[in-house]
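Peer 1: My structure is below; once you've seen it, I'll send some questions.
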Amino acid sequence: MNMHVLEVLGLRHRTGVHPPARKSARSKAIEHMPLASKVILPLQQHIGACAKAAVKRGDEVKVGQVIAESDGFVSAPIHATISGTVKQITTITSPVTGQPVPAIIIESDGKDEWIELAPADPENLSNEQILTRIQNAGIVGMGGATFPTHVKLKPPPQKHIHTLIVNGAECEPYITADDRLMLEEADRIIAGLKIVMQVLSVTRAHIAIEDNKPQAIERMRKALAQLSPPERITVVAVAARYPMGAEKTLVKSILHAEVPEGGLPMDVGALVQNVATLAAIYDAVTLGKPLVERVVTVAGMVSEPKNLIARFGTAASSLIELCGEPDTSIDQMIFGGPMMGIAQPSYDSPIIKGTNCVLLNRSDFRDEHSCIRCGRCIDSCPMGLMPLMFVNCVKKGEYETLPNYHIANCVECGACAYNCPANIPLVSYIKTGKTELQKRGVK
Amino acid sequence: MHNVSKLVLSPAPHLRGNASISRDMYIVTLALLLPCAGAVYFFGLYVLLMLATGVLCAVLTEYVAKLMRRQPFLMDGSAIVTGILLVLVMPPRTPLWIIAVGSVFSIAIAKEAFGGLGHNIFNPALAGRAFVTLSFASALTRWIAPVSSFMADGVTAATPLGEGFVTTLNNGALYKALFLGNVAGSVGETSVLLILIGGAILLAFGLIKWHVPVFYIGTVFLLSWIMGQDPLFHILAGGLMLGAFFMATDYVTSPITTRGKIIFAVGAGILVVVIRVLGTMPEGVCYSILLMNAVTPLIDRYVRPKPYGYIPTTRKEA
């Protein structure tokens, strides 16, 4: 029977929520923004070890030159994103954690001089060489999670990966960066995809795109049809339902398999890569180009929402200035989407590798009421959890009970809080619970 | 920057849906308007006085309780719903002071004493009804037949579930009377049609799940049939419909998971038939729901959704 009919009858439970799409920049072609006169580059733009500065004040740097790196395997080097002079090595507030993070400030010489790039044909490269090129290019997951890509592409030998899932879901409202990239750079994405398939010796791939992006679906299909020899790559239109783009949700939708609790998609033979990451992999491996810029959607309460290619370290204010008149009632700037994005303390916050969107917003503070046990949070949880129980436990300080309700499974997507009639900030309670558990050393 | 004022830092999600407690409650109130209008039509304008008393006392009691507990009073509409529901399950000529007592009990004891909205164990309206039924039994046995004119005093009559009930109607006509509400009974329980429309509103807004009324009414139908009763009569008569759509679906006092709700509904259905057929009371809807309310924490303890990627363990949970 038709799935929708089953849902209406309540015979099939559909998790997630349906926030308004508000993708106002969807028809705006990607534009290169003018280069900034100054960039602020935090040394941690990824999950893992913080990079250490490899330049000092006064050094001349070229675009693509490594300015910070780390010995740790789970880390990614940081490159200069404009040419010029290292003006200062300082500490700024991280746009991700809100904690102090070391940063390098470069002042532009206006020349945009690049280091010499070393192009290569991926088919002549060994897997090791490809991974090294990806690592040296500083590539991290660009969907927002910023996990170093070379680590993700090197699964332990006992894990057999049979399917690659390309994440073009872009389920957060407002964001259109990946949508536009698929429309305009489909070939780059597919070239990157083929490199990843080569590295992993995977022959099967699915490109997952939410069904509210029919043009992107069509464009990707067309690009695939032109491949010769044809590859076992299909475009799958997935339901537009938040959080479709979360790795585990995507794996379930595409493979009809659930990643075991505490595990990774590789435990069911899948690996998920975001479309922008794939394009960056192509640039790194084939062109030898390090990751210095990305597409950023500027949306929300601006008169001209846009998709801009911005060099990392560019202040958000420079992007906003290009997007027409901001509404006077804006009092919040979010990096990322409205569901999981992070509110920034200042318009000077720099764009970093995981910043897919600058969202200008009016804050929506609502008084928290008592839980009325309506169960909407349970119905919307994509991970099959009982979010209200986390709130109960945290309020009572019964942190030890949290694992009984599988708190580690929570991906903090915010679907529960979105749907809560009592305006309970469930994600905040859950984060508190996780932090408290960590302090107590409970896994 | 254009706007140099301070930026607001707040945790994600920064976007919220349009659900709110008061929205839920006002939709329920809207859905209850039909049974209320039907009650006025069948039992006269006196019902309006009862409704006014019930709602007013409920809201005032909540206001005073919040004052005493030094908590902000929120006009979230939940007291209005309780007040209306209480009146709808009372006999049509209940003295207003009994309504007032029931209403105060519902809010002060059944709801606020347990911690207010979201913390009460028992459905406040049903707890209020149970309280006045036990306290003023003799005053609450005067059932009247529907009146034709709006202000007329009713003629005493037995309810279909009562012992003295005799009817000259054949089965078809009796079902029709029960369906439309043209029988003696509690204020808002007699017209199945109006309750079904109200229930459809709740379903349409996604406030309730179909599982509760279907399993509740279905259980009553099947079990009364098995026990040699007239199943159609049992689901049309008494307070089953109102209970199934408006009481057993109460968020606070019923299980949170869908499977839990089904267990709750089946349990309540069994209790209704047991009380009606084997018990001494003519009607069992009120007590069936109150008894299942008491079991709700237990159901919630054991019935939980399966987490994504759940790995069953043999280890016993502490």
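Peer 1: Would the range A:66-75 turn up any residue that is open to solvent by less than 60 Å² (accessible area, probe 1.4 Å), part of a loop (DSSP other than H, G, I, E, B), at pLDDT 95 or above and on the phi < 0 side of the Ramachandran plot?
Peer 2: Looking through the range A:66-75, none of the residues is open to solvent by less than 60 Å² (accessible area, probe 1.4 Å), part of a loop (DSSP other than H, G, I, E, B), at pLDDT 95 or above and on the phi < 0 side of the Ramachandran plot.
Peer 1: Take the residues of the range A:426-443 that are in a helix (DSSP H, G or I) and more than 12 Å from every other protein chain (Cβ to nearest Cβ): which is surrounded by the most Cβ atoms within 10 Å (Cβ to Cβ)?
Peer 2: Across the range A:426-443, the extreme among qualifying residues is A:Gly433.
Peer 1: Here is a follow-up. Taking the criterion of being within 14 Å of chain A (Cβ to nearest Cβ), at pLDDT 95 or above, at negative phi and in a helix (DSSP H, G or I), would at least one residue in the range B:48-63 satisfy it?
Peer 2: Within the range B:48-63 (the criterion being within 14 Å of chain A (Cβ to nearest Cβ), at pLDDT 95 or above, at negative phi and in a helix (DSSP H, G or I)), the answer is yes, since at least one residue qualifies.
Table: residues versus (1) over 19 Å from B:Pro307 (Cα atoms); (2) in contact with a helix residue (DSSP H, G or I) (Cβ under 7 Å, 6 or more places away or on another chain); (3) facing chain B (nearest Cβ under 7 Å).
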| site | (1), (2), (3) |
| --- | --- |
| A:Val394 | yes, yes, no |
| A:Glu398 | yes, no, no |
| A:Leu402 | no, yes, no |
| A:Cys416 | no, yes, no |
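Peer 1: Based on this model, can you work out whether A:Asn423 counts as outside the structural domain of A:Thr249 (by TED's automatic domain parsing), assigned to a loop (DSSP other than H, G, I, E, B) and surrounded by fewer than 20 Cβ atoms within 10 Å (Cβ to Cβ)?
Peer 2: On the way: outside the structural domain of A:Thr249 (by TED's automatic domain parsing): yes; assigned to a loop (DSSP other than H, G, I, E, B): yes; surrounded by fewer than 20 Cβ atoms within 10 Å (Cβ to Cβ): yes.
Taking the combined requirement at face value, the residue satisfies it.
Peer 1: Can you name the residue in the range A:184-225 that is on the phi < 0 side of the Ramachandran plot and polar (S, T, N, Q) and is also surrounded by the fewest Cβ atoms within 10 Å (Cβ to Cβ) among such residues?
Peer 2: Taking the range A:184-225 first, the residues on the phi < 0 side of the Ramachandran plot are A:184-200, A:202-225.
Cutting the leftovers down to polar (S, T, N, Q) gives us A:198, A:203, A:212, A:215.
Values: A:Gln198: 15, A:Thr203: 12, A:Asn212: 18, A:Gln215: 14.
Within the range A:184-225, the match that is surrounded by the fewest Cβ atoms within 10 Å (Cβ to Cβ) is A:Thr203.
Peer 1: Listed residues A:Arg362, A:Arg373, A:Arg366, A:Arg294; which is on the phi > 0 side of the Ramachandran plot, surrounded by fewer than 24 Cβ atoms within 10 Å (Cβ to Cβ) and of a type outside the set (Gly, Ala, Ser)?
Peer 2: Step by step, each of A:Arg362, A:Arg373, A:Arg366, A:Arg294 is checked, and only A:Arg373 is on the phi > 0 side of the Ramachandran plot, surrounded by fewer than 24 Cβ atoms within 10 Å (Cβ to Cβ) and of a type outside the set (Gly, Ala, Ser).
Peer 1: Run B:Pro35 past the list (1) within 28 Å of A:Ser349 (Cα to Cα); (2) touching a Gly at 6+ places or on another chain (Cβ under 8 Å) and report the number of the one that doesn't hold.
Peer 2: Checking B:Pro35 against (1) within 28 Å of A:Ser349 (Cα to Cα); (2) touching a Gly at 6+ places or on another chain (Cβ under 8 Å), the one that fails is (1).
Peer 1: Which residue out of B:Arg23, B:Arg69, B:Arg16 is open to solvent by 60 Å² or more (accessible area, probe 1.4 Å) and touching a helix residue (DSSP H, G or I) at 6+ places or on another chain (Cβ under 9 Å)?
Peer 2: Of B:Arg23, B:Arg69, B:Arg16, the one residue that is open to solvent by 60 Å² or more (accessible area, probe 1.4 Å) and touching a helix residue (DSSP H, G or I) at 6+ places or on another chain (Cβ under 9 Å) is B:Arg69.
Peer 1: Same structure again: Could you list, in sequence order, all residues of the range B:96-146 that are in a loop (DSSP other than H, G, I, E, B), touching a residue at least 40 places away in the same chain (Cβ under 8 Å) and buried (at least 18 other Cβ atoms within 10 Å of the Cβ)?
Peer 2: Those that are in a loop (DSSP other than H, G, I, E, B), touching a residue at least 40 places away in the same chain (Cβ under 8 Å) and buried (at least 18 other Cβ atoms within 10 Å of the Cβ): B:Gly116, B:Leu117, B:Gly118, B:Asn120, B:Phe122, B:Asn123, B:Trp143, B:Pro146.
Peer 1: Something else: Please state which of the following conditions A:Ala315 fails to meet, knowing it meets all the rest: (1) closer than 29 Å to A:Glu69 by Cβ; (2) open to solvent by less than 10 Å² (accessible area, probe 1.4 Å); (3) within 12 Å of another protein chain (Cβ to nearest Cβ); (4) in contact with a Pro (Cβ under 9 Å, 6 or more places away or on another chain).
Peer 2: (2)
Peer 1: Quick test of your reading of the structure: B:Leu30 fulfils all but one of (1) open to solvent by 30 Å² or more (accessible area, probe 1.4 Å); (2) closer than 20 Å to B:Val252 by Cα; (3) within 14 Å of chain A (Cβ to nearest Cβ). Name the failing condition by number.
Peer 2: Failed condition: (3).
Peer 1: Report yes if A:Glu325 is more than 7 Å from every other protein chain (Cβ to nearest Cβ), free of Cβ contacts under 8 Å to residues at least 12 places away in the same chain and open to solvent by 10 Å² or more (accessible area, probe 1.4 Å), otherwise no. Break it down into steps so the answer makes sense when it comes.
Peer 2: Values: more than 7 Å from every other protein chain (Cβ to nearest Cβ): yes; free of Cβ contacts under 8 Å to residues at least 12 places away in the same chain: no; open to solvent by 10 Å² or more (accessible area, probe 1.4 Å): yes.
In short, no.
Peer 1: Just checking: which of the strands (runs of 3 or more DSSP E) contained wholly in the range A:292-383 hold 2 or more residues that are more than 19 Å from A:Ser27 (Cα to Cα) and modelled with pLDDT of 95 or more?
Peer 2: Ranges flagged: A:332-335.
Condition check ((1) open to solvent by 10 Å² or more (accessible area, probe 1.4 Å); (2) away from chain B (no Cβ under 14 Å); (3) in contact with a Phe, Trp or Tyr (Cβ under 9 Å, 6 or more places away or on another chain)) across all residues:
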site: A:Ser253; (1), (2), (3): yes, no, no
site: A:Glu258; (1), (2), (3): yes, no, yes
site: A:Met266; (1), (2), (3): yes, no, no
site: A:Ala270; (1), (2), (3): no, no, no
site: A:Thr277; (1), (2), (3): no, yes, no
site: A:Tyr282; (1), (2), (3): yes, yes, no
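Peer 1: Considering each of B:Ile197, B:Ile263, B:Ile289, B:Ile270 in turn, give the residue that is open to solvent by 40 Å² or more (accessible area, probe 1.4 Å), within 30 Å of A:Asn392 (Cα to Cα) and modelled with pLDDT of 95 or more.
Peer 2: Every option except B:Ile263 fails the conditions.
Peer 1: Do we find that A:Lys289 is among the basic types (Lys, Arg) and part of a loop (DSSP other than H, G, I, E, B) in this structure?
Peer 2: Answer is yes for this residue.
The values are calculated or read from the model by the stated rules, or taken from the named source; none is laboratory data. Computed from a predicted structure; not experimentally measured. Cβ coordinates were reconstructed from backbone atoms using ideal geometry, including for glycine residues, and neighbour counts include every protein chain displayed. Please note that ligands, DNA and RNA were not included when accessible areas were found on the heavy atoms of the full protein model with its side chains. Shrake-Rupley method; radii C 1.70, N 1.55, O 1.52, S 1.80 Å.
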